[in-house]
Amino acid sequence: MKHNSLIFCIIALCLLSCGNNRHRRHENKNRKNNTEISVSGKTVSAFQIRKGVECSVKVVSITDGDTFKGLTSDNQQVKCRIYGIDAPEKKQAFGQKSKQTLSDLIFGKNVTIKVQGKSFDRAVVWAYTKDGKDISAEMIKAGMAWHFKKYSDDVEYAALEIQASKSKIGLWADKNPVAPWEWRKK
């Protein structure tokens, strides 16, 4: 009986020990993911994607109406998803017009970004032109993006969307505009 209890204790300790090691490895992996991400094949430090970080980037490409790539002062490329908006997808109605509108606003220019978080391989940012224009507000005002209410409760963005919709500006000129999150479901 004592022999069985001893074996049980040894097995229990081994199982607990294995479980703890697995948990520690998992924690370390998460810690690394919180400090570094891979952006366009380069490793970028968390300093650039940590909430609240503010810096200037030169916009080097436009992916679509709510995503762009910028170069930091140390030439690291950062993919940025603009906070508070969701633009039509490339193959969706107004997708190319939305992309062109964003390009006209910021391509080749320096913009200030303020990191709000990260989503997939992108820094989620508020973005501002050199003269202080809020890119999210500009895209909504032009009728080239929806206010992404699922993630933003910004009253100004909501009001700008209502105004663009009433005025039938941009995508709101369409008879039945389909929000990108609905279009993606299809």
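Per-structure values
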| quantity | calculated |
| --- | --- |
| Burial order of peptide ranges 139-150, 163-174, 91-102 (average beta-carbon count within 10 Å, highest first) | 139-150, 91-102, 163-174 |
| Sequence-distant residues sharing a close amide H with K118 (under 5 Å, placed H) | V124 |
| √(5λ) per eigenvalue of the Cα gyration tensor, the stretch 38-185, largest first, Å | 26, 15, 14 |
| Rounded Å value of the spacing that divides the Cα centres of the stretch 107-137 and the stretch 82-100 | 16 Å |
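Every read-out reported here was derived from the displayed coordinates using simple, explicitly stated rules and does not represent laboratory data. Keep in mind that this is a model prediction, so the values were computed, not measured. Counting neighbours? That spans all protein chains shown, and the Cβs are built from the backbone with ideal geometry, glycine included.
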